[in-house]
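Quick notes on the structure that follows.
The values are calculated or read from the model by the stated rules, or taken from the named source; none is laboratory data. It should be emphasised that the depicted structure is a prediction, and the values quoted were computed from it without experimental measurement. Cβ: placed from backbone, ideal geometry, glycine included. Neighbour counts: every protein chain shown. Accessible surface areas use protein heavy atoms only, side chains included; no ligands, DNA or RNA. Shrake-Rupley method; radii C 1.70, N 1.55, O 1.52, S 1.80 Å.
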Amino acid sequence: MKRYRILCLDGGGIRGFITARLIERLQQEHPGWLEQVDLIAGTSTGGLLALALASGKSPAEVCQLYLDAGETIFDDSPLDDLKDLGRLVGADYSTAPLRRELEQTFGRLSLAQLDKKVAIPAFDLDNEAADPIERSWKPKIFHNFSGNDSDGHQDVAKVALYTSAAPTYFPSVDGYIDGGVFANNPSLVALAQAIAKDNHHSERAELHEVVMLSIGTGAAKSYIEGETLDWGLTQWGGHLIDLLMDGMAGISDYQCKQLLGERYARLQVELEDPIELDDPSQLELMDRIASQQQLDEMADWLKEHWL
């Protein structure tokens, strides 16, 4: 049976290191599965991972990028905190260190020059339509499929910046912010892109051909106690980002399960305690967590449905 293999990578800041280490382990135990991927979709840190893997970087090289650059990218000075009143009136981090790392990693490589097809969600804050009635913000999926809407000419480094410009963490870039505001788990985005009828026939899949592996960045059990919460913006504010990320990841997971059945698998690590998206001091802990994750069931699934 013909297969169209999709790898989907969630957003999650520095916790993308968990995803990278899990991919590395799977590649060590089942050499060749990663090379069989037809489409890699990734949001935010998952977008950085997707673009790096699609450019030919090995999982081990990607892991090293997190270890080498994590502290530099998430470096916040007390002076900046004072100027921004924490995170109330300015983004926590500058994009300059991340931009430098991405330009060093990808150079002037374009999406069209990648070895794999990619789908990278970002969010356009202003489409700058000439007609004021049509002016609006909108989701944007950067991809290198053929067609009039192809983004093959776009620089990989720029697209990586767009998808990872998380509100409050980083400033927007060229009018784009993190695709995690609508697709932190990009599984459904990837599925729609793969089977889209406007794709060139040779690049398009039929639904029954799709096999998908979706990988998260780790999740801690969370809940809010109380049946009637008479809360306003201040009370909800501290929970909204986590609610949106977990909620969107959950619904994408559910929908893809219903559409693909056994040809869909989700690999998500359960965290005993939350790990902040911008805390590189936890990289050693994340390494232990990913290294100890049981992968036997995933290995069996790969053998049956992927390989």
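Annotations for the structure displayed:
- Estimated FRET transfer efficiency when R0 is 25 angstrom, pair GLU225-ILE251 (beta carbons, to 0.05): 0.60
- The residues of the chain expose, per residue, 50 Å² of accessible area to a 1.4 Å probe.
- Candidates per chymotrypsin sites (Phe, Trp or Tyr not before Pro) in the range 159-235, loop by DSSP, up to 15 other Cβ within 10 Å: TYR223, TRP231
- The trypsin sites (Lys or Arg not before Pro) found in the range 220-307 that occupy coil by DSSP, while having at most 10 further C-beta atoms within 10 Å, are LYS221.
- Ranked packing of 113-126, 4-17, most packed first, by mean Cβ within 10 Å: 4-17, 113-126
- Taking each DSSP H run with n ≥ 4 as -39500 (n - 2.57) and averaging over every residue of the chain yields -12000 deg cm²/dmol at 222 nm.
- Under the combined filter of DSSP loop state and at most 14 neighbouring Cβ atoms within 10 Å, the range 176-231 retains these GluC sites (Glu not before Pro): GLU206, GLU225, GLU227.
- Calculated FRET value between ASP273 and ASP126, using beta carbons and R₀ = 35 Å, to 0.05: 0.35
- Distance from the range 168-185 to the range 30-63 (C-alpha centre basis), Å: 20 Å
- Relative contact order (percent, whole number), the range 133-235, Cα cutoff 8 Å, 6+ residue spacing: 18 percent
- Inter-part distance where the range 102-145 and the range 190-213 are each reduced to a Cα centre, Å: 19 Å
- Overall, the accessible surface of the chain at a probe of 1.4 angstrom is composed of carbon and sulfur to the extent of 50 percent.
- Annotation for ASN148 and GLU304: the two label points, set 7 Å from Cα along the Cα-Cβ direction, are 4.4 nm apart.
- Structural descriptor for the chain: relative contact order 25 percent, calculated from alpha carbon pairs under 8 angstrom and at least 6 residues apart.
- Full-extension gain in nm, ARG108 to GLN28, via 0.36 nm per residue minus C-alpha separation: 25.8 nm
- Mean Cβ neighbour count within 10 Å, used as a protection proxy, ranking 129-139, 61-71, 147-157 highest first: 61-71, 147-157, 129-139
- Measuring with a 1.4 angstrom probe and ignoring ligands and nucleic acids, THR217 comes out at about 0 Å² accessible.
- Rounded to 5, the percent of DSSP beta bridges in the chain classed as antiparallel: 35 percent
- Extension gain (nm, one decimal) between GLU209 and TRP236, 0.36 nm per residue minus Cα-Cα: 5.5 nm
- Beta bridges by DSSP in the range 39-169, antiparallel share as percent, to the nearest 5: 70 percent
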